[in-house]
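Working notes for the structure below.
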Amino acid sequence: MSMDYWQEQLRAVMPRVIELRRWLHQHPELSGSEKQTQQLIISELTGLGMEVHTFQDCYGVMGVLRNGEGRCVAIRADMDALPVQEPVEMPYASQEPGVMHACGHDAHMALALGSAMWLSQHRDQWQGTVKWLFEPAEETFGGGRLMVEQGCLENPKVDCVIGQHMNPRYEAGTFYAKPGYVSGSSDELRLKVTGKTCHGAYPEAGVDAIVIAGQVVSALQSLVSRTISPFEPAVITIGTIRGGTANNIVCGEVSMVGTMRTLSAQTRAALKERIASVVKGVAQAMGGDADVEINPGYGAVYNHDGYYDRIESIAERLVGKDRIVRRESPSLGVESFCYFLKDTPGVYYDLGCGEGTALHTSTFCVDEGCLLPGVALQCAGVLDLLRGE
């Protein structure tokens, strides 16, 4: 199935895809407020004759299209926008002050709805079940977790899930991905160092929590360089330090907040254990104490080899070998697509949407030339994955 084939197949679908993308771009909603977006998606999916499900405590939507016995494949699209002011001169600019689809989620939803249109109209070409998972709050707490907890990957059980994201570093239609790890896991670090206050002129009477905190930061940096293999990606960053009340008082308490990023589950577990012991050990050795709280964030995103190879092969046939770019290495940025991959294999790839802009900025712009290959990739991917191993 070449791109020429899909250009003809999607001729009737694409005008609506473009219309939906522009409407969604003009009406962005922040994480946890995607009510209007949810209503549009429900209306579109219902109009295609699907089962439509919503979820508690978030604005997530799932469309289910059953077409006889067989495998089940899911497509995920995120819904929320960002607190970014878009220049009014931009085409189809946001009509919501201070809110913008600066990460391409408007295009993600439009692509998913486009594949829903075509697959619902061509049931003679496939058999099984397809689910469309519209995830809210991807930019904040990750609505995918709530959707998975409420059974979006069950009844029937999803055999493979596909995720697609805009990438403004490459020209429209470029396929950018890699097998194996794509992005890392995150954990929030909350550390509290306690000492003993005293007059700043008589430090021997107290225990300086600021001095302890400085040693803790240095010790944490050495954890990555001296306890983790240099071939295993990991980062520990302390982003905020707060402590002290006056220039002439030895500080008695310092709070620090940071992040830990890893790829493998083994490294993640090992660093968690070492962070707790090192922080408390340094503080106690200097006469103070410390509390360590590590809150789990997103997990790593991993492209399962067999499924990834099939999707990349399809992309090569559709967009051409010259538009297939293999990522050199995974990112330690995070993605809530991890929730859908926790117990389900899947594939996550980027789609070039036009060079010259950057995600999460007011100048981000989608070249609509990426929409046709984006819908074609989803449709062709679902057809292939439904056929089995």
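The values are calculated or read from the model by the stated rules, or taken from the named source; none is laboratory data. From a predicted model like this one, the values you see are computed outputs, not experimental measurements. Counting neighbours? That spans all protein chains shown, and the Cβs are built from the backbone with ideal geometry, glycine included. The area values use the complete protein model at the heavy-atom level, side chains included, leaving out ligands, DNA and RNA. Shrake-Rupley method; radii C 1.70, N 1.55, O 1.52, S 1.80 Å.
Determine the relative contact order of the chain: mean sequence separation of Cα pairs under 8 Å and six or more apart, normalised by residue count, in whole percent.
Relative contact order, the chain: 24 percent.
Taking just the alpha-carbon atoms of the chain, what radius of gyration and Dmax come out, in angstrom?
Just the Cα atoms of the chain yield Rg and Dmax of 24.1, 84 Å.
Who wins for biggest fluctuation among Phe134, Phe364, Phe231 in a Gaussian network model of the chain, springs between alpha carbons below 10 Å?
Phe231
Would you list, by chain and number, the lysines whose Cα falls below 23 Å from the Cα of Lys196, excluding same-chain residues fewer than 8 positions away?
Lys280
What spacing in nm lies between the two simple spin-label points modelled at Glu154 and Tyr202, each 7 Å away from Cα in the Cβ direction?
6.5 nm
Express in whole angstrom the spacing between the alpha-carbon centres of the range 1-62 and the range 114-162.
So the separation of the two Cα centres works out to 12 Å.
Within 9 Å, Cβ to Cβ, of Gly144, how many net charges do the neighbouring residues add up to if Lys/Arg are +1 and Asp/Glu are -1? Mind dumping the intermediate values first?
Details: positive: Arg76, Arg145; negative: Asp78, Glu135, Glu138.
Value of the local net charge: -1.
Taking 0.36 nm per intervening residue step and subtracting the Cα-Cα distance, what contour gain separates Lys342 from Gln125 on full extension?
75.1 nm
Cross-link partners among aspartates and glutamates for Lys157, C-alpha distance below 14 Å, same-chain residues fewer than 8 apart left out?
Counting by Cα, and skipping residues close in sequence, Lys157 has these aspartates and glutamates nearby: Glu69, Glu149, Asp343.
Anyone know which of His304, His25, His53 comes out most mobile in the 10 Å Cα GNM of the chain?
Checking each option, the largest mean-square fluctuation is seen for His53.
Let me check I've understood the local charge: for Arg317, count other residues with C-beta under 15 angstrom from its C-beta, Lys and Arg +1, Asp and Glu -1. What total comes out?
-3
In this model, which of Lys192/Lys342; Lys35/Lys342; Lys131/Lys178; Lys35/Lys272; Lys178/Lys342 are farther than 30 Å apart at the alpha-carbon?
Exceeds cut-off: Lys192/Lys342; Lys35/Lys272.
Length gain on complete extension for the stretch Tyr5 to Ser229, per 0.36 nm per residue less the alpha carbon to alpha carbon distance?
75.8 nm
Among 269-280, 83-94, what's the highest-first ranking by average C-beta atoms within 10 angstrom per residue? Don't skip to the answer; put the middle values down first.
Working: 269-280: 17.3, 83-94: 14.2.
Highest-to-lowest ranking by the protection proxy: 269-280, 83-94.
Can you tell me the 0 to 90 degree angle between the C-alpha axis of helix 265-285 and the longest principal axis of the chain, rounded to 10?
It is inclined by approximately 20 degrees.
Would you mind computing, in nm to one decimal, how far apart the modelled labels at Thr46 and Trp23 are, each placed 7 Å from Cα along Cα→Cβ?
Distance between label points: 1.3 nm.
When the chain is treated as a GNM, springs tying every alpha-carbon pair under 10 Å, which of Val130, Val182, Val211 comes out with the largest mean-square fluctuation?
Highest fluctuation among the options: Val211.
Which of the peptides 140-150, 290-300 is most tightly packed, and how do the rest follow, going by the mean number of other Cβ atoms within 10 Å of each residue?
With the highest mean Cβ count within 10 Å placed first, the list reads 140-150, 290-300.
For the range 197-207, take each phi angle, set θ = phi - 60°, evaluate the Karplus expression 6.51 cos²θ - 1.76 cosθ + 1.60, and give the result in whole Hz per residue in order, putting x for glycine and proline.
Those phi angles translate into 6, 6, 5, x, 7, 10, x, 5, 8, x, 10 Hz.
So if each residue of separation counts as 0.36 nm, and I subtract the Cα-Cα distance between Ala269 and Ala246, what length gain in nm does that give?
Extra length available between Ala269 and Ala246 comes to 4.4 nm.
Sorted by accessible area (1.4 Å probe), largest first, how do His105, His360, His122 line up?
His360, His122, His105
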